[in-house]
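Chemist: Structure incoming, see below.
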Amino acid sequence: MGRRKQYLDEDMDSSEDEDGRINFDTMDHAQQDDGLMDGFIGFQRAGKQKRQKRFAEDMGDTDDDDDDNDTRSRGGIGSMAAAAGGTSSFLPAQKAFDPAKDRILNETTTTASTPDRRSPARTTTTTTNRGSASPSPGPGFAAFTKHTTGFGQKMLEKMGWKAGKGLGAGGEGMVNPVETKQRPKGMGMGFRGFEERTAQAKMDAAPLTDEDEDEGTTKTAALRQAWKKQPNTPRQPALPKKKKMVYQTATDILQAQQQQQQQQQKVIDMTGPSVREINLADIKRTDSPTLMETTSRLPELRHNLRLIVDLARGDLENLTREKQTTLGRWTELQASVVEIEQRQQTDNARLQKVANVRAIATELQHIARQANTTLATSTLSALFGDCFDRLQEDYLDQARELGLDALVVSVWAPVMKYRSIHWDVLADPTWGVEDVKRWRPLLRSNDDDAATSKKHARRIQQQQQPPVATPFETMMNTIWLSKVRSAINNSWQVREPDAVIQLMDAWKEVLPRFIYENLIYQLILPKLTRAVDTWDPRTDEQLVHTWIHPWLPVLSAWRLADLFTTIRHKLAVVLRQWHPSDESALQVIGRWTDVWTRPQLDAFLQKTILPKLTQVLRQEFTINPRAQPPVDPLAWCLAWQGILSDRVFGLLLENEVLRPWLLVLYRWLTSPSNGGGDVNFDEIKEWYLWWKQVFASLGVANDHPVLIKCTRKALEMMSAASAGEPIEAPPS
């Protein structure tokens, strides 16, 4: 085993050092020069690095000389022994001097610090030991630089490195670069025992021998002791200590200035037999201050007065601010007191109203209990009219807050439920509506909020939660609506709409909106739709408009649009076999001109009526100057003037009546049958005037634009014929 292990074994047996005992060993100065431990060995506890320090001390690197010098310079317990010729020191106990270890240390230190190039043994150690230096470079070292610019090699050479030497300032670093070993292509790691490590890696991983371990231990110990001071190394002078920064306060600066002024000020003392010059610091104060002392104190008095004035001014400002704050707070408190008093008065008035409403509620409850036997003969006004009027007159503004609608409904609902049992809806549709109109302000509904603020109704519905049914809405939905629904579904005849229409008109203003819409969409419109679907225009003697048009004021035309579409479809089917001589179609369709929209009516007429009129005028209407033709076909067609639009009627009149009339007149004026004689303009005049009378009798106004245009053309043709000028033929 190496020296390190031997030292560790010896150190484990050294119980004296481990226990930190004190050795009282006295030697003279000559024995200290021979390397023996001297003095009064002190006591030191074993610390964290005790074993390393002991190892360094055994190797001979101690500071005995420095300790001796320090001991001689100090006084105290060891000073007497030094004066007597001996040396006393409080140091840790050390092992006895070992010459063999000292020799080995010296040889190792000399070999490591100053290598001898002429010694072959040293050269062998340097090249063969793995712990001291890297192996020599191989034959192909740095051969790759011929393929590059050599930038890295030039940089290393500028720093002092030479080819074949190790890295570092002393060349003790690695010589060869890190070796790599290429694995064959397609081969995995460790395939069939393939060795991944290089030769350099195997050499580095080889186990250390005892000699290598001892040599490494020696070098490690030498490096650990390198920081200690060597015996022959001269002591370096200590660095000067940095002066500590001292801070002065304002008071210290003022006092220093006053002292400086006092020292610089010259004072002439004439109190003695002779005149002398003294300093203010030398003046001795007496019990009664002199004029000079009083004069020298004036700056201090002024300074103190200024301080007192500043403090007083600050106190006054603080008091002023406190006064303003207190006044503001007092004003706020006064306003709060007034507000609290007003709130108290409001609360007292509200409490009084609540007490009065409670008294009225008690009275209503008492009346309701007594009215159980007289409900069949008594009316609602007779029973609760007085109490309801008082609630409406005095507490209407707080009806929502006090919940008056719930109070009213609680006594009203039993009466309505009992009286509605015998209520005939179709015979008396206005029953109970007067009572509801009279006390409707007390009966709150969700529609009231939307009615008062229509502009913000949608915003309120979006922000608020879904509305909850009020007591009034619940009463009307459960009692009133159930009775009406039963009557409409079971007893009402669609072709007798007067009773239900009267019911809807009477209750429209007082019913909640959702109940009114429920009546329309769930009861009335479905029944009307079924009736229109079963209506047959061919066989039904009662015209459809007699029981549909009365609903227009109640339901509006937009709600009945689907019914109108069905009616137009059925009428169009019937009009396929219709002849214009049948005036019933005119009467039926004439009832719908103000109900259907203009585009709907024009589309219906152009599809069903206009083709029939055109066909009659072309086939049955003729114009013959020699014989008066029948004007009945013309009368059938001109009767639709008020139903057809002005544009359609004008085109029909111009294309089918007046234009053929102009062609007949043109042929008459230019016909060669006259034998070359003159045209009989008297006959033409009579014929012209007769047709104007016919148009006027059939309802065509003289100022109709199409009639004026054609008659003017006829006059121009007759005027040209009478003048012998050529006549322009009318468009065919």
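Chemist: Looking at (1) more than 60 Å from the chain's Cα centre (by Cα); (2) outside the structural domain of Arg647 (by TED's automatic domain parsing); (3) of a type in the set (Ser, Thr, Tyr), can you tell me which one Thr597 breaks?
Modeler: It fails just one condition, (1).
Chemist: Of the conditions (1) modelled with pLDDT under 90; (2) within 26 Å of Gln615 (Cβ to Cβ); (3) exposed (fewer than 13 other Cβ atoms within 10 Å of the Cβ), Pro705 clears all except one; give me its number.
Modeler: Status for Pro705: all satisfied but (1).
Chemist: Determine, yes or no, whether Ile727 is surrounded by 13 or more Cβ atoms within 10 Å (Cβ to Cβ) and not in a helix (DSSP H, G or I).
Modeler: Considered against the rule, which asks whether it is surrounded by 13 or more Cβ atoms within 10 Å (Cβ to Cβ) and not in a helix (DSSP H, G or I), Ile727 comes out as yes.
Chemist: Do you know which of the residues in the range 583-612 that are touching a residue at least 12 places away in the same chain (Cβ under 8 Å) and of a type in the set (Asp, Glu) is surrounded by the fewest Cβ atoms within 10 Å (Cβ to Cβ)?
Modeler: Glu583
Chemist: Quick one: which helices (runs of 4 or more DSSP H) lie wholly within the range 535-640 and hold at least 1 residues that are farther than 22 Å from Leu698 by Cβ?
Modeler: Once the helices (runs of 4 or more DSSP H) in the range 535-640 are filtered for at least 1 residues that are farther than 22 Å from Leu698 by Cβ, what remains is 545-548, 552-555, 561-574, 598-608.
Chemist: Something else: Could you list, in sequence order, the residues of the range 441-456 that are among the basic types (Lys, Arg) and at pLDDT 55 or above?
Modeler: Scanning the range 441-456 gives a single hit, Arg444.
Chemist: Going through the range 389-405 one residue at a time, which ones are surrounded by fewer than 15 Cβ atoms within 10 Å (Cβ to Cβ) and hydrophobic (A, V, I, L, M, F, W, C)?
Modeler: Listed by number, the list holds a single entry, Leu396.
Chemist: Out of all the residues in the range 680-697, which are polar (S, T, N, Q) and either surrounded by 16 or more Cβ atoms within 10 Å (Cβ to Cβ) or modelled with pLDDT under 90 (or both)?
Modeler: Asn680
Chemist: Could you run through the range 368-379 and say how many residues are surrounded by 14 or more Cβ atoms within 10 Å (Cβ to Cβ) and modelled with pLDDT of 85 or more?
Modeler: Total satisfying the criteria: 1.
Chemist: Residues being of a type in the set (S, T, N, Q) and more than 16 Å from Val408 (Cβ to Cβ): count how many of those fall in the range 350-376.
Modeler: 5
Chemist: Next up: Between a residue in the range 711-732 that is hydrophobic (A, V, I, L, M, F, W, C) and any residue that is surrounded by fewer than 10 Cβ atoms within 10 Å (Cβ to Cβ), which pairs come within a Cβ distance under 9 Å, given they are 6 or more apart or on different chains?
Modeler: Short answer, once both residue conditions are applied: Ala720/Pro726.
Chemist: Kindly indicate the residue of the range 279-337 that is among the hydrophobic types (A, V, I, L, M, F, W, C) and at pLDDT below 80 and also farthest from Gln259 (Cα to Cα) among those meeting that condition.
Modeler: The residue in question is Leu291.
Chemist: What residue, of Glu716, Glu654, is assigned to a helix (DSSP H, G or I), modelled with pLDDT of 90 or more, surrounded by 14 or more Cβ atoms within 10 Å (Cβ to Cβ) and acidic (Asp, Glu)?
Modeler: Checking each option against the conditions leaves just Glu654.
Chemist: Quick one: Arg419 ticks every box in (1) at pLDDT 90 or above; (2) within 26 Å of Asp498 (Cα to Cα) except a single one, so which number is it?
Modeler: Checking Arg419 against (1) at pLDDT 90 or above; (2) within 26 Å of Asp498 (Cα to Cα), the one that fails is (1).
The values are calculated or read from the model by the stated rules, or taken from the named source; none is laboratory data. Computed from a prediction, not measured in an experiment: that's the story for all the values here. Backbone-built Cβ (ideal geometry, glycine too); neighbour counts: all protein chains shown.
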